[in-house]
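**Q** Questions regarding the structure given below will be posed in turn.
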Amino acid sequence: MTGIIVYSAFFSYILRKTMVMKSSFDPAEKIQNLLQFGEFGGVNPSITDSSTFTFLDPVTMSETFLGHTEGCFLYSRHWNPSNKYLAEALAAMEETESAWITASGMAAITCSILQLCRSGDHLITSVTTYGGTFAFLRNYLPKFDISVSFVDITCLDDVKNAIRPNTKLIYTETVTNPLLQVSDIPSLAAIAKENGILLMVDNTFSPMIMSPARLGADIVVYSLTKFINGKNDCVAGAICGTKAFIEALSNVNDGTAMLLGPVLDPLRSSSILKNLHTLHVRMKQHGHNAMIMASGLKELGLKVSYPGLPSHPQHALFNSMMNTGFGYGGMMILDVGTVDRAYDLMRMMQAEMVGYVAVSLGYYKTLFSNSGRSTSSEVPEDVQRKMGLSEGLIRFSVGLDNDIEKSLMKVKNCLTNLHII
Ligand code: PLP
């Protein structure tokens with residue numbers, strides 16, 4: 001009896017602790033609390049517009065090359081103070097020990113994978129993943145004799161069955177592009193841990209909402225191009241992970257990031273950092289608007305998928321992993337059956353000023369594209385069909401519209417005029 005009481009008290013303690021952890025983590029506050037100033041007390045850190053740095057003593061320079069002088073900068077491909085400020089803010093947001101800033105999301109993904117895998121290694125990836133990532137994994141990695149298994153990431157048995165003795169990594173997107181499947185990060189992390197492999201997660205679709213490292217991921221990558229910058233004025237990326245991993249990436253002798261050199265310009269870094277400070281506000285509005293758009297279209301009987309809808313297959317999983325208060329994200333998909341219908345609808349929505357026919361996401365305007373013929377065109381059509389990517393699928397990045405009901409009404413009118421409803 002006493003055993004049961006102790007057990008249930010322990011269980012409820014763990015449950016409460018998990019619930020508190022889930023609801024109380026506030027990535028926006030983590031960024032807000034950072035004290036980063038300019039050299040003359042500026043409220044924004046100064047931009048270090050230099051590719052190289054002087055040393056008072058040549059010995060210090062040599063030691064910096066050996067990685068012994070924390071806080072010294074030697075050359076901007078290695079580290080730059082402006083990039084360091086942004087990296088610190090992203091590491092704070094993700095609660096990782098460290099981070100590194102890259103010139104694109106693809107650079108973050110490719111450098112991290114090449115840092116971890118060598119010839120003869122194997123990795124497992126969600127088959128549903130951004131088309132550029134898919135192309136890198138399928139078409140590029142074979143050059144290095146790195147093999148890849150493409151699995152349905154929502155089927156944990158498929159993931160387990162794909163593990164081989166030479167598997168180094170499980171790769172996924174928190175919310176996959178474009179199908180918006182939700183990865184079960186705690187379970188994937190447990191599988192990875194049990195088998196001595198690493199879990200790498202692309203969190204581009206769900207910054208603030210999800211904190212993959214807190215859920216067990218070893219490495220979190222971002223295309224900063226999207227929600228985090230939110231202005232569609234540049235391409236950039238980030239890698240968040242342990243101090244040891246980031247140091248390895250930037251090692252002057254064999255660090256993939258250092259040697260392949262995809263460093264971001266410090267001017268861009270500083271502007272992304274300023275935009276990062278409004279990310280929480282934007283994510284809430286994107287999520288609010290996407291929820292109205294998705295539920296409004298779903299009510300018409302259309303094929304809509306959005307993680308915030310109870311009809312989404314991983315809605316409960318999403319709820320169990322999310323940081324509360326940031327919504328369900330700005331991405332939704334609508335399947336109108338055929339590519340011609342998709343094109344007609346997008347043309348009409350653009351003419352009605354619902355948004356733009358454009359790839360990318362996280363912009364203040366709504367953006368829409370036919371995934372199969374654009375950002376997933378690298379995925380062969382038979383693979384698209386097998387994973388459930390219909391030719392008529394339109395991916396929406398719902399914007400920051402002040403009156404989303406008006407935009408929803410315009411979409412409904414377009415659908416009526418095209419006899420889709
Ligand atoms: N990851 C995801 C989920 C993406 O959608 C994209 C681009 O669309 C990338 C990575 C690549 O990022 P970038 O275009 O910044 O290289």
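The values are calculated or read from the model by the stated rules, or taken from the named source; none is laboratory data. These numbers were taken from a predicted model, which means no experiment stands behind them. FYI the Cβ positions are ideal-geometry reconstructions off the backbone, even for glycines, and counts take in every protein chain you see. Just the protein is used for accessible areas: all its heavy atoms, side chains included, with ligands, DNA and RNA removed. Shrake-Rupley method; radii C 1.70, N 1.55, O 1.52, S 1.80 Å.
**Q** Could we say that L74 is within 16 Å of the ligand (Cβ to nearest atom), among the hydrophobic types (A, V, I, L, M, F, W, C) and within 30 Å of D49 (Cα to Cα) here? I'd like the intermediate steps shown before the answer.
**A** Numbers: within 16 Å of the ligand (Cβ to nearest atom): no; among the hydrophobic types (A, V, I, L, M, F, W, C): yes; within 30 Å of D49 (Cα to Cα): yes.
For L74, the condition - within 16 Å of the ligand (Cβ to nearest atom), among the hydrophobic types (A, V, I, L, M, F, W, C) and within 30 Å of D49 (Cα to Cα) - is not met.
**Q** T225 is checked against (1) in contact (Cβ under 8 Å) with a residue 60 or more places away in the chain; (2) more than 14 Å from the ligand (Cβ to nearest atom); (3) more than 23 Å from I170 (Cβ to Cβ) and fails just one. What number does that condition carry?
**A** The single condition T225 does not satisfy is (2).
**Q** Tell me which of these T172 doesn't satisfy, since it passes every other one: (1) open to solvent by 20 Å² or more (accessible area, probe 1.4 Å); (2) in a strand (DSSP E or B); (3) hydroxyl-bearing (S, T, Y).
**A** (1)
**Q** Say we look at the range 121-156 and pick out the residues that are under 17 Å from the mean Cα position of the chain (by Cα) and of a type in the set (G, A, S); which of these is farthest from S223 (Cα to Cα)?
**A** For the range 121-156, the residue satisfying everything is S126.
**Q** Another question about this same structure. Which count do you get for residues in the range 306-350 that are more than 30 Å from S211 (Cβ to Cβ) and aromatic (F, W, Y)?
**A** The total comes to 1.
**Q** For the range 1-56, enumerate the residues that are open to solvent by less than 100 Å² (accessible area, probe 1.4 Å), at pLDDT 50 or above, more than 30 Å from N323 (Cβ to Cβ) and of a type in the set (A, V, I, L, M).
**A** Scanning the range 1-56 gives a single hit, I47.
**Q** Moving on to the next point. Give, as residue ranges, the helices (runs of 4 or more DSSP H) completely inside the range 253-344 that count at least 1 residues that are closer than 18 Å to E405 by Cα. Lay out the reasoning, then the answer.
**A** Values: elements: 256-260, 266-276, 279-298, 315-321.
Once the helices (runs of 4 or more DSSP H) in the range 253-344 are filtered for at least 1 residues that are closer than 18 Å to E405 by Cα, what remains is 279-298.
**Q** Select from the range 137-155 the residues that are open to solvent by less than 50 Å² (accessible area, probe 1.4 Å) and touching a residue at least 12 places away in the same chain (Cβ under 8 Å) and list them in ascending order.
**A** L137, L141, I146, S147, V148, S149, V151, I153
**Q** Of the numbered conditions (1) assigned to a loop (DSSP other than H, G, I, E, B); (2) buried (at least 24 other Cβ atoms within 10 Å of the Cβ); (3) within 10 Å of the ligand (Cβ to nearest atom), P212 fails exactly one; give the number of that condition.
**A** (3)
Here is a yes/no grid of residues against (1) over 17 Å from L90 (Cα atoms); (2) within 14 Å of the ligand (Cβ to nearest atom); (3) open to solvent by less than 60 Å² (accessible area, probe 1.4 Å):
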site: V221; (1), (2), (3): no, yes, yes
site: N229; (1), (2), (3): no, yes, yes
site: A238; (1), (2), (3): no, yes, yes
site: I246; (1), (2), (3): no, no, yes
site: D254; (1), (2), (3): yes, no, no
site: L259; (1), (2), (3): yes, no, no
site: R268; (1), (2), (3): no, yes, no
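**Q** Report every pair of residues separated by at least 6 positions or lying on different chains whose Cβ atoms are under 7 Å apart, first residue within the range 314-329 and farther than 12 Å from P207 by Cα, second among the hydroxyl-bearing types (S, T, Y).
**A** Q314/T154; F318/Y328; T324/S23
**Q** Ok, one more. Considering only the range 94-143, state which residues are part of a strand (DSSP E or B), more than 16 Å from the ligand (Cβ to nearest atom) and within 22 Å of P266 (Cβ to Cβ).
**A** S98, the sole residue that qualifies.
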